[in-house]
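Down below is the structure, laid out as structure tokens.
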Protein chains: 2
Amino acid sequence: MQVTGKILEVRKIISSARAEGKRIGFVPTMGALHEGHLSLIKAAGADCDFVAVSIFVNPIQFVPGEDYEQYPRPIEDDIEKSRRAGVSLLFNPSVDEMYPQEQLTRVYVKKLTENLCGRFREGHFEGVTTVVTKLFNIVQPDISYFGQKDAQQALVIKRMVADLNMPIEIKIRPTIRERDGLAMSSRNQYLNEAQRKQACCLYQALCDAREMIRSGEKKSEHIIKRMSDIIKNAGPCEIDYISIVDTETIEDVEQINKPVLIALAVKIGPARLIDNVIVDSNGNDVIIT
Amino acid sequence: MQVTGKILEVRKIISSARAEGKRIGFVPTMGALHEGHLSLIKAAGADCDFVAVSIFVNPIQFVPGEDYEQYPRPIEDDIEKSRRAGVSLLFNPSVDEMYPQEQLTRVYVKKLTENLCGRFREGHFEGVTTVVTKLFNIVQPDISYFGQKDAQQALVIKRMVADLNMPIEIKIRPTIRERDGLAMSSRNQYLNEAQRKQACCLYQALCDAREMIRSGEKKSEHIIKRMSDIIKNAGPCEIDYISIVDTETIEDVEQINKPVLIALAVKIGPARLIDNVIVDSNGNDVIIT
């Protein structure tokens, strides 16, 4: 595994991999790698001859007051995990390498970023789409992998790639969960023991929502009310949103008569946790790829 | 010369040119090709083994009320000129091909787009940077060529490429002029005979400005006053702006003590004309590339 923080070095390495006819898979991350990331790396390894991973805690996707400073950066551990996962190239640039001058150029996606997390984290998605565009231009992968855990992000990036004719395929992979259902996240480590136990309420609420739809409930309002009760009963928390939205437009859906993304964001102690499921109008899981 | 309106076809053609080890030069245009475009094509031919030209009158870079509908589209003539200029691939997509669905994703450059034409054509540069990003992702050139006549556009695109780490070199080529100094532009054909004669006042004002600086004048205010008199004395017109700006920040400069872009936009009859020169603090021409 090659490890570099330099863009020019990445270009050289990728260029010779491509000259050898290799198919390049790319997993952009903010590090603190967990089983979720590793499943993306594994998927990339299955499709591609060369797997690049980036680790970059991207300052411009954090909103003022968020956890940019506190975000975990266990780089030695990440390097070791990447090596064991068969990664070919680990790119861990500094902030100066990625932003050597003021980042005047921005990429943004309208509409799809206005609901859910976009409503609570102003500028977040612009930071994501801008850095992902930069990383795509640096790595120039054939395929890039994103987790469904960040469903809105994945859908926004898919749209960006289509809208800007980027010559890249985007694959979305299922959320990886802890035994009690909590979605894997680098931010889970912010939780103390009690909060960690409480945190499984997010997935419980999602499962309950799915069950309600399976039982014939079509009104988002009723489902959201029930989910909200589950979250509140689990312990002290602050709900950013519990929403049922169209999987294409990310607009709120009142009556469930097509596939929907059921998504929520809840602050438990120091951690803002998000999770989601995607189901059709009968409550069957929908696999987005 | 291959001519196609299809993105997939372009990808195939470029991909096989690249497989043959060819260096790809790209000249994006809105058609109505004139000597200015042809000088860019010539420069591309000198540097590269394969020259791609796009002709696309991009609706999203026209502000409501502008000349999108009237913009000349002499496609047969353009094809013939391209063929004679040695173009390898002419890409002339339809609006539907470029925008098959709502263009939710946008690329914009802050600050550099706030002055000069950006002040008068709201959203224009966002339309330009968005379509150029799309075209770059479709053609994937090694080098792309822009004319200094659209100096702000060229500087904005240079910054976009740097900020987004696009693997492309941008070359800026000098403005090509008619015998009386009028900068070549597809919009010159909107002018009647009298307006056409009047129109050379733009370059006369620029030359006069340069002379003033050569004679030791450092105050932008004085130079702009003199330029404004020249333009107004030439005949009926509407001045959008006459500005002297920093070549890096595009911010107004009061005292000329480093290289400056002297730029103006003037409406004469149905045509909005722009022109510029770039000079150092002694009034010597500065070649930007």
Q: Could you give log10 I(q)/I(0) at q = 0.07 Å⁻¹ for chain B, computed by the Debye formula over C-alpha point scatterers of equal weight, without solvent?
A: -0.26
Q | Debye-sum result for the protein assembly as shown in log10 I(q)/I(0), which assumes one identical scatterer on each alpha carbon, at q = 0.08, 0.09, 0.10 Å⁻¹ | A | -0.64, -0.78, -0.92
Q | Residue-wise HN-Hα coupling along the stretch B:72-78, computed from phi with Karplus coefficients 6.51, -1.76, 1.60 (Hz; x: Gly, Pro) | A | x, 9, x, 5, 4, 4, 5
Q.
For A:Ser215, place a label point 7 Å from Cα along the Cα-to-Cβ direction in every copy; what are the distances to the other copies, in nm, shortest first?
A. 9.0
Q. Per residue of A:155-165, how many C-beta atoms from partner chains lie within 10 Å of its own C-beta, taken as a mean?
A. 5
Q.
Give me a comma-separated list of calculated 3J(HN,Hα) values for the stretch A:252-265, in order, Karplus coefficients 6.51, -1.76, 1.60 applied at θ = phi - 60°, integers in Hz, x for any Gly or Pro.
A. 4, 10, 8, 10, 8, 10, 7, x, 10, 9, 9, 9, 8, 9
**Q.** Helix-derived mean residue ellipticity, 222 nm - over chain A, DSSP H n ≥ 4, -39500 (n - 2.57), to 500
**A.** -11000 deg cm²/dmol
Q) So what's the angle, to the nearest 10 degrees on a 0 to 90 scale, between helix A:151-163 and the longest Cα principal axis of chain A? A) 50
Q. What accessible area per residue, rounded to a whole number of Å², is obtained for chain B using a probe radius of 1.4 Å?
A. 43
Q. What angle, in degrees between 0 and 90 and rounded to the nearest 10, separates the Cα long axis of helix A:201-214 from the longest principal axis of the Cα atoms of chain A?
A. 60
Q: Would you mind counting up the charge near A:Ala199? Only other residues with Cβ under 12 Å from its Cβ, with Lys and Arg at +1 and Asp and Glu at -1.
A: +2
(Q) At 0.890 mPa s and 25 °C, plugging the Kirkwood radius over alpha-carbon pairs of the stretch B:2-173 into Stokes-Einstein gives what diffusion coefficient in µm²/s? (A) 151
Q: Tell me the distances, shortest first, between B:Val286 and the same position across the other copies, using label points 7 Å along Cα→Cβ, in nm to one decimal.
A: 5.4
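If you place +1 on the Cβ of every Lys and Arg and -1 on the Cβ of every Asp and Glu, how big does the dipole about the Cα centre of the stretch A:192-250 come out, in debye to the nearest 20?
About 220 debye.
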Q) Mind checking the mean number of beta-carbon atoms from other chains within 10 Å of the Cβ atoms in B:83-92? A) 0
Q) If you project the alpha carbons of the stretch B:186-279 onto their three principal axes, what span does each projection cover, largest first, in Å? A) 40, 24, 16
Q: Using a 1.4 angstrom probe on heavy atoms only, work out the carbon and sulfur share of the accessible area of chain A in %.
A: 47
Q.
Rounded to two decimal places and with Rh computed the Kirkwood way over Cα pairs, what is Rg over Rh for the stretch B:1-72?
A. 1.04
Q.
Let me confirm one metric for peptide A:102-114, namely the mean number of other chain beta-carbon atoms within 10 Å of its residues' beta-carbons.
A. 6
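The values are calculated or read from the model by the stated rules, or taken from the named source; none is laboratory data. The shown structure was predicted, so the numbers you read here are calculated from the model rather than taken from an experiment. So basically every Cβ, Gly included, is an ideal-geometry build from the backbone, and we count neighbours across all protein chains shown. Surface areas here come from the heavy atoms of the whole protein model, side chains and all, with no ligands, DNA or RNA. Shrake-Rupley method; radii C 1.70, N 1.55, O 1.52, S 1.80 Å.
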